[in-house]
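The values are calculated or read from the model by the stated rules, or taken from the named source; none is laboratory data. Computed from a predicted structure; not experimentally measured. Neighbour counts are summed over all protein chains in view; Cβ atoms, including those assigned to glycine, are modelled from backbone coordinates with ideal geometry. To get the accessible areas, we keep the full protein, side chains included, count just its heavy atoms, and leave off ligands, DNA and RNA. Shrake-Rupley method; radii C 1.70, N 1.55, O 1.52, S 1.80 Å.
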Amino acid sequence: MIRNLKNKKKKILCALTALLLCFGLSGCGAAGEPLTQTGFYFDTVIQITIYDSGKKDCLNECMTLAERYEKMLSPSVEDSDIWNINHSGGMPVNVSDETAQLLQMAISYCEMSEGRIDLTMETVSRLWDFHPEDFFPDQSSSSGLPDASRTGTPTDISPKENRIPDSAAVAEALRHVNYHNLRMEGNTVTLLDPESQISLGFIAKGYIADQLKEYLLSQGVQNAIINLGGNLLAVGTKPDGAPFRFGVRTPFDKQGTPITVLSVSDRSVVSSGVYERYFYEDDVLYHHILDTADGYPVRNGLLGVTILSDSSAAGDALSTTCFVLGPEEGMRLIESLDNVEAVFITEDYTLHYSSGLPSAE
């Protein structure tokens, strides 16, 4: 267990560092060398980089805030607000103002998607076994995905066994998936179905990134990058006024090679895709974005969705929402929203840009 955790930290950190060095941190300008601090929260490596000299204490406080939010919002941390709700047996639970606010935001996306996104899907998700260090077999099989020579995917790791949950267990868990089971009266939260379980995984990191940005701005930081496990949020621009350049990862490429590069100033970039957590069994890809209709991975021709938005919470939620809606319905949603853009990657590795991104590389 300890070795696996160390390996996971090392792999994620190397990938994130390489990506930022190539596409986010070049051109330091007059402010000098950037200051960076790394931590491990929300089951991933996070990295905060600031360019403003004399603001080193802000990095320590960002890590303190990250720890605070993990203890507040993680479903696996005992006595967090979410853990208390899930273990309440249907009894009312009093939560913090921020948790109540985030739950309301999450519910709004459940409603927007008409239940295709559901914060009570944790009941089903916990039946599946997805991990970042999962195996990556040869993709030249009948899976229909491009071969390993194109994606850079290794082929020398054997699959684990019995990873697909029993269909009867999935069907039983689905009976308890319904965001209407969550009743809120101010800061009092009640699960009307005691067997329901909630998770804010599709929005929490984005919300936390927004809060970290607000903190940095309050301290006078004008140029920074917040990276919460690949959820990227640019504070301002580079010190010389140029935009940051963030790469959108090529699906299944373990080296983090970008499939496209986006110029970003004071905006969030969040991606969701089948390549984040997955495994293969009998040449079939099983990924972590589950369909609320049947409890199995969504299959709609998409490999990934990347959202550019002013709010990282919105970008986080919309990346998953658009993925489950599919390429056509998802892009229609993006085009209906102000100040939100997107890049969709389909299974043939074609890039589909929203109308506000004509100059994307």
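Just the number please: accessible area per residue for the stretch 64-124, 1.4 Å probe, all protein chains included, in Å².
Per-residue value: 45 Å².
Along the positive direction of the dipole of the stretch 208-361 (beta-carbon charges: Lys, Arg +1; Asp, Glu -1; about the Cα centre), which of F344, Y280, G295 reaches farthest?
Toward the positive end, the furthest listed residue is F344.
Under 11 Å from a point 7 Å along the Cα-to-Cβ line of E347: which residues of the stretch 281-301 have their amide N that close?
285, 299-301
Rounded to the nearest 0.05, what FRET efficiency is calculated for D266 and D57 with R0 set to 25 Å and r the Cβ-Cβ distance?
After rounding to 0.05, the efficiency reads 0.65.
Kirkwood Rh, Cα Rg: Rg to Rh for the stretch 202-276?
Radius of gyration relative to Kirkwood radius: 1.00.
At 1.4 Å probe size, put F244, F40 in order of accessible surface, largest to smallest.
Heavy-atom accessible area, descending, gives F40, F244.
Taking the Cα centre of the stretch 240-343 as origin and charging only Cβ (+1 Lys, Arg; -1 Asp, Glu), how large is the dipole, in debye to the nearest 20?
Dipole magnitude for the stretch 240-343 comes out near 280 debye.
Mind putting a number on the dipole of the stretch 51-99 about its Cα centre? Charges go on the C-beta only, +1 for Lys and Arg and -1 for Asp and Glu, and I need it in Debye to the nearest 20.
80
Using 7 Å Cα-to-Cβ label points, what is the S355/E329 separation (nm, one decimal)?
2.2
How far is it, in nm, from the label point at R299 to the one at S76 when both lie 7 Å from their Cα along the line to the Cβ?
That separation, rounded to one decimal, is 2.8 nm.
Given the pairs K71/K254; K56/K205; K56/K254; K205/K254, which span a C-alpha to C-alpha distance of over 28 angstrom in this model?
The answer is K71/K254; K56/K254.
Just how far, in whole angstrom, is the stretch 286-302 from the stretch 72-106 if you go by their alpha carbon centroids?
Here the two parts' Cα centres lie 26 Å apart.
Solvent-accessible area per residue for the stretch 250-351 at a 1.4 Å probe radius, Å²?
Accessible area per residue: 33 Å².
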